[in-house]
1. Relative to a virtual label point 7 Å from the Cα of residue B:86 in the Cα→beta-carbon direction, which members of the stretch B:107-122 show backbone nitrogen distances below 12 Å?
2. Restricted to Cα positions, what overall size does the stretch A:143-185 have along the principal axes? Three whole-Å values, descending.
3. Which residue fluctuates the most in chain B, going by a Gaussian network model with Cα springs under 10 Å, if the choices are B:122, B:240, B:196?
4. Could the peptides A:521-529, A:351-359 be put in order, highest first, of the mean number of other beta-carbon atoms found within 10 Å of their residues?
5. What is the Cα centroid distance between the stretch A:310-328 and the stretch B:116-167, reported in whole angstrom?
6. For the Cα atoms of chain B, what angle does the longest principal axis make with the long axis of helix B:116-127, in degrees from 0 to 90, nearest 10?
7. Provide the FRET efficiency to the nearest 0.05 for the residue A:546-residue A:358 pair, computing r from the beta carbons and using R0 = 30 Å.
8. Peptides A:443-453, A:458-468: what's the order by average Cβ count within 10 Å, highest mean first?
């Protein structure tokens, strides 16, 4: 009996080896090439089959032959070459073929292990097994030793002709019934082999049912998953800040080949990312350039996606669309060059006569202004600096009308006075909206008032200062312009200067012809001295034949009452460049 | 150029296999609506690895296409933003140089849809014969006849008025039009109307300047509002005028209005205008007024305006009317006007 058992054990061992325990020697068809990627060959052998990194596999091609005597079909195999396993999972490994062999290998080719089998233990599985064994039914040490060989032979015969699932169940039942069998390792390998065959069968069925001729990648993905490969891990450094308006070249080093890669970049706030394909530079470098137009403040955002060789989908490998890398971009520190059409000079001279008697009258003034303006556009649209003088005479219109040659009232007092106002101003133009501008002009100057009667104009500017009063004339002017600055617009404003008077104005500007700017204004003012208000109707007409200069003519008609009216005019010269 | 070196440390074998990428599905649904001047997004559903997507666009009627590369919005969508001008936008999409939506020979056309304001502006443009500026002058003489005072003296009750204005049709609704003008109104004075008890011969004003806004929140319903400043016999004064109008001023319309000129007086009127005769607009107006002085009794006026289009945007008009202040004081009125549109 003892001898019989020993013999049976040897036989079962051989059968198990034939069944899959030693595929390379007994059944070369038990291992198969399941996928090929260049020189990498995927084989359904793994640690459970005693295959790990460093193992050697032999690649076989199948030959179908027919016996001419019996007409029986025979399947034989012959060796093509050897493969070196570079990585292995439980049931799948990747083997590297040389260039020559790689050109001849096909999916479905048989493979057998030629290097010795190794045991690759899963520490966690061993721990589970130990705990299971510890918790199992107690073993009676006095019980007779079962005939392990007979049990194994019976199980083997039971499995013949069955599907892999039934075979697995039968072998698992044997392990449960005879936990001390010496063939446990071989049986475990057989079970693993059956699992692999079942997966292959399922994959083949899925492949057969698929209508896609490119249905290879999902399988590769699954195989990769079986190998337990992690997603690409990234190590990188990024630019913290960059100068605006300069292209940014990015370079990448890939430790593994990639098929294609794309750099996505955008200026922060843009609707989407611009795509730039990475270009190869040598064996391992990839480069891409972020266009200079995208490099502007406050930041440029970017990420990289790459596709593995043969893979259809690209995956983020450095940043992502939701969490891009950012390079802060400096704000331009160089002042923009002087732009055309931003500079403006106004020179104007105007004579205003309210009583129509010109120099013989007592209600008129002359005003001259010169200013320079530059349009910065932002944050202040325009700044204007100017100088002006206002010189004239004025008084109560009732007295002037009653004594048009003397301006002396009933009490014998000269009620008219001459005023000289010399002032400077600066005007800021702010754009509330594209067609709405607010112009604020503070101004300050010297007001000289001549209180003596019948004196010459400008006496207080000379050496005879008797009767001259001097004061600081502080004032300002605020205007609101609606419409285009050089086209059609309406301006509403108010101005006040202490000692000189107040002015309210509304002006409408348009260009009835491209070279003819026209402005009609209505003013209410008590200038040159704060007495009675009058109404002025003013028309300005320019002629803009040249782009950089145009003259304009002003005519005005004004009145303080029905009798107190006058016609006046002025000239202006405007420069634009 | 500032290089960045990044180490892409990929674990082995996560990447594998695959012999060529099948043509990816590229789907584009053209925008259903393309408002004129508005930014329109052209969105394409395509995978990340799709060849370069380019929109080739041109304004309908032009020859050359302009290429705009689409940018990636999210995983599966690419877009570009275009502005649609009149009359529309032709475009086709290409991936990797190959048309994937429409073709250069048969581009897809987005017809520009004008918004309501643009359409209204177009109608106003037609009404005005594409002339947006107007110069208008008018003179009127109103004679109520003679009034006999307590001493038996005959005192004239008459005045004349001159208006000159310029208007520009902005069509920036509700602001349709802006107008600036000058008015002169002088009449024979009575002793009681002279300020300060002094003698005077005239009432009214020589200088009045004004601005008027033509508002129309709803097409065809107009409100003209005018602010005036003037130098009357009493000095500086402020006045105003408002007119509500249904219909077009130069065609059939009804209007009601009021004008107040400080111590010069006030007038209220109702006008019916019609443009039933080609190139000959007409209007009839009834007015209740105490011009040229607010101290005078209220009178009524009826006058008829007849215009004639002379061509080139020029229109001449005449006015005839009858004015009565009391049973004893009544007379005729007449005037003329000239309007130039350009």
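Throughout, read-outs are computed from the coordinates displayed, never taken from laboratory work. The structure displayed is predicted, hence computed values, not measured ones. Don't worry about glycine lacking a Cβ; one is built from the backbone with ideal geometry, like all the others, and counts go over all protein chains shown.
1. Hits in the stretch B:107-122 for residue B:86 at 12 Å: B:112-115, B:118-122.
2. Each principal axis gives a Cα extent; for the stretch A:143-185 these are 34, 16, 15 Å.
3. B:196
4. Working: A:521-529: 22.6, A:351-359: 19.1.
Order by mean packing, descending: A:521-529, A:351-359.
5. Result: 73 Å between the Cα centres.
6. Around 50 degrees separate the two axes.
7. Numbers: r = 33 Å, r/R0 = 1.11.
For residue A:546 and residue A:358, the calculated efficiency is 0.35.
8. Working: A:443-453: 18.4, A:458-468: 13.7.
In decreasing order of mean packing, A:443-453, A:458-468 become A:443-453, A:458-468.
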